[in-house]
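What follows is a single structure, written as structure tokens, with notes after it.
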Amino acid sequence: MLVITSQEIALFRSELAAYPEALKALDEIEDCEGDIEDAAISLAIQAGQEPNISENWLDGVAKRCRVAICRSELKADLTNGRLNTAFADLVAAKVCPEILITSVIIYVYKTGVNDFCEPLDYQL
């Protein structure tokens with residue numbers, strides 16, 4: 001379970017202020033007392049998806065976006081805390097519903113971008 005503080009929510013809110021869907025997601029995260037996974041599941045249901053309510057559901061969603069997230073530009077944006085640019089890039093990539101992008105990028109940012117992208121760094 002990944003929980004962020006109200007101070008982090010405020011910081012992310014200012015960083016993503018230009019994106020109404022991001023602000024809606026942050027409202028949901030705040031309503032879920034900072035629990036990103038609970039908020040993502042709630043948002044997915046609101047978007048008409050049927051998420052399984054198992055542990056690490058958000059991790060699975062993020063992994064489906066991994067190729068787009070780990071492109072060098074987007075990876076650098078997340079590594080440097082430029083969530084607004086990462087958000088815009090993922091919206092353009094259309095890899096997951098826009099309402100879930102905020103939860104995904106915060107999840108990747110907080111758990112570690114390099115660790116998340118490491119599986120794609122291996123060459124066969």
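The numbers here are math on the coordinates, done by the rules we state, and not lab data. The structure displayed is predicted, hence computed values, not measured ones.
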Quiz item: Relative contact order for the range 1-67 using alpha-carbon pairs under 8 Å, separation at least 6, rounded to a whole percent?
Solution: 28 percent
Exercise. Tell me which residues come under 5 Å, amide H to amide H, from Asp35 once H is placed; ignore anything under 5 positions away on its chain.
Key: Ile4
Practice problem: Any aspartates and glutamates with Cα under 13 Å of the Lys63 Cα? List them, leaving off those in the same chain fewer than 8 positions away. | Solution: Asp115, Glu118
Practice problem: For the range 26-39, just list the computed ³J(HN,Hα) in residue order, Karplus coefficients 6.51, -1.76 and 1.60, θ = phi - 60°, integers in Hz, with x standing in for Gly and Pro. | Solution: 5, 4, 5, 4, 5, 4, 8, 6, x, 7, 5, 5, 4, 5
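Suppose a student asked you for the relative contact order of the chain, using Cα pairs under 8 Å spaced at least 6 residues apart; what percent would you report?
27 percent
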Quiz item: So what is the 222 nm mean residue ellipticity for the chain from helices alone, if each DSSP H run of at least 4 adds -39500 (n - 2.57) and you divide by all residues, rounding to the nearest 500 deg cm²/dmol?
Solution: -20500 deg cm²/dmol
